[in-house]
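Inspection log for the structure reproduced underneath, given as structure tokens.
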Amino acid sequence: MPAVFLKDRSLLFVSGVEAQSFLQNLITTDITSLGPDEARPGALLTPQGKILFDFMIWQDGDGYMIESDVGQRDGLLKRLTMYKLRAAVTLAPSTKEGVTVCWGEDAEGVRDSQGARDSRFAKAGVTLIRRPGKHGDGKEALYDALRISHGIVTSGSDFALQDAFPHDVLMDFNGGLSFRKGCYVGQEVVSRMQHRGTARRRVVTVSAATALPETGTEITAAGKPVGTLGSVEGGSGLAIVRIDRAGAAMAAGTPLLAGETPVSLALPAWSGLVFPASADEASA
């Protein structure tokens with residue numbers, strides 16, 4: 001069972017009698033349906049519907065633990081405090097630093113006693129447990145390779161905050177985006193995208209016969225931009241691409257290139273998405 005310590009993750013604890021309603025009215029995740037041992041993705045959006053902060057959230061006793069990138073924690077705490085007003089809520093950084101992720105045949109037992117199951121990986125058929133603190137010394141590249149293979153992105157490496165909509169990073173499929181719970185910040189924009197079917201940028205896995213170029217390399221078809229390469233491990237990587245443009249190129253037999261490297265693209269199987277074969281199909 002690999003156990004990898006992610007030192008660049010941080011934890012924020014939200015507690016109090018109004019903690020659930022406070023978060024429910026702010027973030028994208030429907031936490032009223034959150035299972036007791038389940039960690040779900042979530043985001044706090046801008047009023048324009050773009051991701052301002054992204055995180056994982058799970059129940060912890062009588063409150064909620066929010067796991068984010070260490071560089072986001074202070075900003076997220078400040079923003080939540082701004083929204084708090086007179087709500088009976090306490091916001092405090094956790095005393096534990098970093099998060100350990102483990103997966104494999106023994107991970108289920110860890111969840112039962114000490115961690116929460118990541119719903120993003122569960123969608124892909126993988127039991128992966130997130131646990132506060134350091135409980136392993138596996139190489140972080142093992143975790144990166146796992147999430148790349150299953151199309152699971154992280155901000156910073158795969159997309160920039162305030163530049164991506166939740167649909168772009170598949171939050172409409174991975175349990176991090178609710179269309180039923182009512183209003184939250186940015187909800188009108190993401191609901192409009194959902195009902196009109198206007199989401200065109202999506203996460204894809206990228207494969208090449210040789211090592212892929214560095215993160216940030218443009219992916220093109222016939223010299224025109226399709227998307228940008230994100231996380232990379234050898235010949236495998238992630239990208240957020242315009243699936244209408246990529247689908248049309250693939251249907252026409254036009255090579256896709258990351259820099260000068262020929263690549264193939266695939267949508268994560270767990271998403272159920274397919275590439276539109278033409279611009280007309282994309283707008284249907």
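The values are calculated or read from the model by the stated rules, or taken from the named source; none is laboratory data. Not measured: the values here are computed from a predicted model. As a convention, Cβ positions derive from the backbone with ideal geometry for all residues, glycine included, and neighbour counts pool all protein chains shown. Heads up: the accessible areas ignore ligands, DNA and RNA and are worked out on the full protein's heavy atoms, side chains in. Shrake-Rupley method; radii C 1.70, N 1.55, O 1.52, S 1.80 Å.
Observations
- Subset of region 190-230 [part of a strand (DSSP E or B), open to solvent by less than 10 Å² (accessible area, probe 1.4 Å), in contact (Cβ under 8 Å) with a residue 40 or more places away in the chain and farther than 16 Å from MET250 by Cβ]: VAL203, GLY230
- Condition check for ASP62: farther than 26 Å from HIS167 by Cβ, surrounded by fewer than 18 Cβ atoms within 10 Å (Cβ to Cβ), of a type in the set (Asp, Glu) and within 21 Å of the chain's Cα centre (by Cα): no
- Counting only strands (runs of 3 or more DSSP E) that fall entirely inside region 1-106 and contain at least 3 residues that are out of contact with any Gly (no Cβ under 7 Å at 6 or more places or on another chain) and free of Cβ contacts under 8 Å to residues at least 60 places away in the same chain, the qualifying elements are 63-69.
- Scanning region 104-121 for residues that are open to solvent by less than 30 Å² (accessible area, probe 1.4 Å), at pLDDT 95 or above and under 18 Å from PHE5 (Cα atoms) turns up ALA116, ASP118, PHE121.
- Checking GLY136 against (1) open to solvent by less than 30 Å² (accessible area, probe 1.4 Å); (2) closer than 22 Å to ALA122 by Cα; (3) in a loop (DSSP other than H, G, I, E, B); (4) in contact with a helix residue (DSSP H, G or I) (Cβ under 7 Å, 6 or more places away or on another chain), the condition it does not meet: (4)
- Options ALA92, ALA124, ALA87: the member that is over 14 Å from GLU38 (Cα atoms), in contact with a His (Cβ under 9 Å, 6 or more places away or on another chain) and open to solvent by 10 Å² or more (accessible area, probe 1.4 Å): ALA124
- SER264 meets all of the listed conditions (1) assigned to a strand (DSSP E or B); (2) of a type in the set (Gly, Ala, Ser); (3) in contact with a helix residue (DSSP H, G or I) (Cβ under 7 Å, 6 or more places away or on another chain); (4) open to solvent by 10 Å² or more (accessible area, probe 1.4 Å) but one, namely (3).
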